[in-house]
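See structure below.
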Amino acid sequence: MEDCIFCQIIAGEMESEIVYEDEDVIAFKDIEPQAPVHFLILPKKHIPTLLDLKEEDNKLIGHIYQIANQLARQEEIAEDGFRVVSNCNEAGGQTVDHIHYHLLGGRNLQWPPG
Ligand code: 5GP
Ligand code: ZN
């Protein structure tokens, strides 16, 4: 998707601080971090929102959670606790239409989110 900023990051056309990458998934630092650790983990495949997920994507999404597990341990936020969250559509707070999972940690997170 040419006009998708996350596809541009994946294609290397736009700069980002990549913290993890494999054939199917990429993770990079959020440009406007809301916590000491704030990464975005996403499939390289352009899936707009959670509502577009298909049965065939189950393995991919499971893989993303395993990467969240790995990154949380690596960043030493695992034991204290952290959050993985995905916003969907406007009222859910989604601003980039390429599915992504926020990994947030390094401070006490409030619940419920605003
Ligand atoms: P959403 O609001 O869709 O849940 O999350 C989108 C996230 O992408 C936001 O937290 C925003 O700060 C981040 N973001 C938007 N544009 C860029 C960018 O060009 N580079 C990076 N690294 N993050 C971005
Ligand atoms: Zn995209």
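So the values come out like this:
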{"read-out": "G93 vs. criteria without any contact (Cβ under 8 Å) to a residue 40 or more places away in the chain and of a type in the set (G, A, S)", "value": "yes"}
{"read-out": "Qualifying residue in region 86-96 (condition: modelled with pLDDT of 95 or more, among the β-branched types (V, I, T), within 15 Å of the chain's Cα centre (by Cα) and within 16 Å of F6 (Cβ to Cβ))", "value": "yes"}
{"read-out": "Residue match in region 71-80 (condition: within 16 Å of ligand 2 (Cβ to nearest atom) and either modelled with pLDDT of 95 or more or within 25 Å of M1 (Cα to Cα) (or both))", "value": "no"}
{"read-out": "Matching option when the condition is among the aliphatic types (A, V, I, L, M) and either loosely packed, with under 14 Cβ neighbours inside 10 Å or modelled with pLDDT under 95 (or both), among L51, L60", "value": "L51"}
{"read-out": "Conditions (1) hydroxyl-bearing (S, T, Y); (2) touching a strand residue (DSSP E or B) at 6+ places or on another chain (Cβ under 6 Å); (3) closer than 23 Å to P113 by Cβ: number failed by Y65", "value": "(2)"}
{"read-out": "Of all residues making up region 27-60, the number that are within 20 Å of R83 (Cβ to Cβ), without any contact (Cβ under 8 Å) to a residue 40 or more places away in the chain and in contact with a strand residue (DSSP E or B) (Cβ under 7 Å, 6 or more places away or on another chain)", "value": "2"}
{"read-out": "Which listed residue is of a type in the set (A, V, I, L, M, F, W, C), part of a loop (DSSP other than H, G, I, E, B) and within 16 Å of ligand 2 (Cβ to nearest atom), from I99, I64", "value": "I99"}
{"read-out": "Residues satisfying the stated conditions in region 2-34, i.e. among the hydroxyl-bearing types (S, T, Y) and within 14 Å of ligand 2 (Cβ to nearest atom)", "value": "S16"}
{"read-out": "Selection count, region 64-88, where residues are among the aromatic types (F, W, Y) and buried (at least 18 other Cβ atoms within 10 Å of the Cβ)", "value": "1"}
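The values are calculated or read from the model by the stated rules, or taken from the named source; none is laboratory data. Quick caveat, the model's predicted, so the values are computed rather than measured. Please note: Cβ atoms are built from the backbone with ideal geometry, for glycine as well, and neighbour counts cover all protein chains shown.
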